[in-house]
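One structure below.
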Amino acid sequence: MTKDVVLSPLARADGSASCTSNGYSVIAAVNGPVEVQRRDEIPEESAIDVVLRPAIGVGGVRERHLESIIEKTLRQVILVSAHPRTLIQITLQVVAAPVDSNASNNLHQSASNLSLLPILLQSSMLALLSTSLPLTMTFTSTLIAVSRSGELVRKASVKALKEAASLHVLAFSSLGELLLAESEGAFDVDIWDQVYRWAEKDCRKSDLGDPTQTDDVDMDLSKPGSLEDSLRSIIEEKAAREYRWKES
Amino acid sequence: MAKQPISAAQPLSFPPSHFAKLAPRSYLHAHLSSSNGRRPSGRLPHEARKPQINTGSLTHCHGSAVVRAGDNAVVCGIRAEILNASDIVDCTPATKPEELEQRYGTDEEDSQRPEIKAYYTLHITLLVLSLSGPPFPTIWTALLSALRNTRLPKAWWDADRQSVICSPLISDSKPLRLNGLPIAMSCGVFNTEKDGAGLVSQNADGGGKDGKKWILCDTDGFEEGCCEEEITVVVRERQAASGRGMEIVRIEKCGGGVVGREEMREVVMLAEERWKVVKEAVEGSA
């Protein structure tokens with residue numbers, strides 16, 4: 001995924017990142033801490049304002065819902081108490097969405113919006129890393145679909161997403177906590193448990209593998225690297241680039 | 001400065017309601033860590049409120065319900081209107097009638113005819129009268145109860161008048177067929193880990209690194225303000241083909257990392273218990 005990520009593509013924002021994955025492309029910009037409007041001010045913490053703009057048209061109920069999910073998640077990640085009475089503004093623009101996705105029309109308000117969530121979270125995380133805001137931790141997020149026959153699918157195509165029995169978005173913090181879980185469709189706890197293990201494998205650093213896991217998950221050990229590994233390498237690259245002046 | 005005898009001064013004290021306003025988190029923590037472990041509302045952490053449901057109170061609707069749970073009150077009214085097939089243009093309306101029929105399980109006479117002349121369209125209006133705590137479970141219960149309460153008049157196509165005629169008799173009307181009874185439960189997680197030592201330092205068991213966590217079922221407005229992490233689980237009875245038991249239709253959890261794998265199992269168990277209670281209330285009201 002490294003090649004699909006560009007850090008700081010926008011010159012005028014405090015921090016920005018653009019991500020492309022699975023047909024979606026998102027640009028995230030972070031501005032902050034800036035002055036906050038009086039009515040949004042929180043005495044001991046900074047307010048976080050997430051603005052999501054869809055690929056086509058203006059945002060509606062779906063976008064507001066996603067914004068609130070992202071806001072609640074980022075509130076856990078940003079050290080909000082370090083900047084009391086300020087505002088941190090995060091703007092997410094969906095640049096491209098899969099042609100067939102429901103996100104392109106506003107007619108089906110009830111249609112799933114989970115497939116967009118991981119990349120939104122991922123790009124806002126990277127944009128935050130590209131600013132110098134102090135964070136408590138990082139997080140990674142992934143989407144897992146469960147097909148009608150009960151098979152788990154990573155990186156599902158648009159068609160597979162439509163036919164899936166259930167969709168799950170999970171986000172794990174760098175401390176190993178389950179930061180966010182959004183699931184829809186019909187499933188039971190055992191399937192969710194399995195999804196959890198797959199998602200954890202996808203997200204968390206690969207050398208932290210839980211030794212108690214012995215079943216089917218082990219097949220995927222050959223996978224190149226987890227999302228957290230690639231997040232790390234992105235940051236390493238960024239640090240190397242920024243400290244180039246020191247070396248020469 | 002001459003020191004006044006302190007013992008003579010009145011000790012500073014204020015009623016619990018002030019304490020709750022000034023330091024809500026400490027107030028909730030003091031309640032939860034007391035010997036009986038009850039919340040300020042007198043409920044146990046896992047105890048949910050039973051919703052009060054009244055159905056059929058709106059006379060102009062085909063189905064309606066008023067649901068109260070604590071300080072949450074929601075009114076739902078459902079009106080069925082007839083949509084002539086000839087009035088349907090290709091791209092509008094937003095949701096195709098077939099889908100509507102499928103989704104809500106509308107049981108209408110017209111669908112059995114060889115040629116479909118008209119559809120029933122359900123207009124659902126939800127009004128939140130008062131709000132305290134997560135609104136979704138109450139709103140959802142109101143919607144379900146109203147759908148269960150809905151009766152559609154018998155309708156047929158009159159060839160002479162070239163229009164759909166409805167029977168005025170209640171005995172001719174039919175209830176909707178619902179596809180299972182999914183019921184929502186929301187929980188909040190009260191976590192003292194993030195409050196520095198200052199906030200709850202008087203209590204030996206709270207605050208700091210080894211802070212305590214409580215999962216509070218069916219939070220009210222006051223508790224919601226103290227809980228960052230929120231979980232909503234919707235469960236229903238498994239549909240016939242895939243065997244007996246319960247299945248989950250939705251999980252929403254964000255705002256914190258306390259609930260992991262084991263805790264989620266616990267929350268789902270709670271939701272399944274809640275399902276029985278709310279089901280009883282919904283079915284009892286009809």
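In table form, for the structure just shown:
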item	result
Label-point gap, in nm, between residue A:240 and residue B:276 - each point 7 angstrom along Cα→Cβ	6.0 nm
Distance in nm between pseudo-label sites at residue B:10 and residue B:262 (7 Å out along the Cβ direction from Cα)	5.0 nm
Protein accessible surface hidden between A and B, which excludes ligands and nucleic acids, total in Å², probe 1.4 Å	2400 Å²
Pair residue B:60, residue A:58: separation of 7 Å Cα→Cβ label points (nm)	3.0 nm
Trypsin sites (Lys or Arg not before Pro) restricted to region B:152-191 and DSSP loop, no more than 11 other C-beta within 10 Å	B:161, B:177
Selected from A:166, A:16, A:124 as most flexible by GNM, with chain A as the system and alpha-carbon contacts under 10 Å	A:166
Rounded percent of accessible protein surface that carbon and sulfur make up, chain A, 1.4 Å probe	51 percent
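The values are calculated or read from the model by the stated rules, or taken from the named source; none is laboratory data. On a predicted model such as this, the values are computed, not experimentally measured, just so you know. Cβ: placed from backbone, ideal geometry, glycine included. Neighbour counts: every protein chain shown. These area figures cover heavy atoms from the full protein model, side chains too; ligands, DNA and RNA do not enter into them. Shrake-Rupley method; radii C 1.70, N 1.55, O 1.52, S 1.80 Å.
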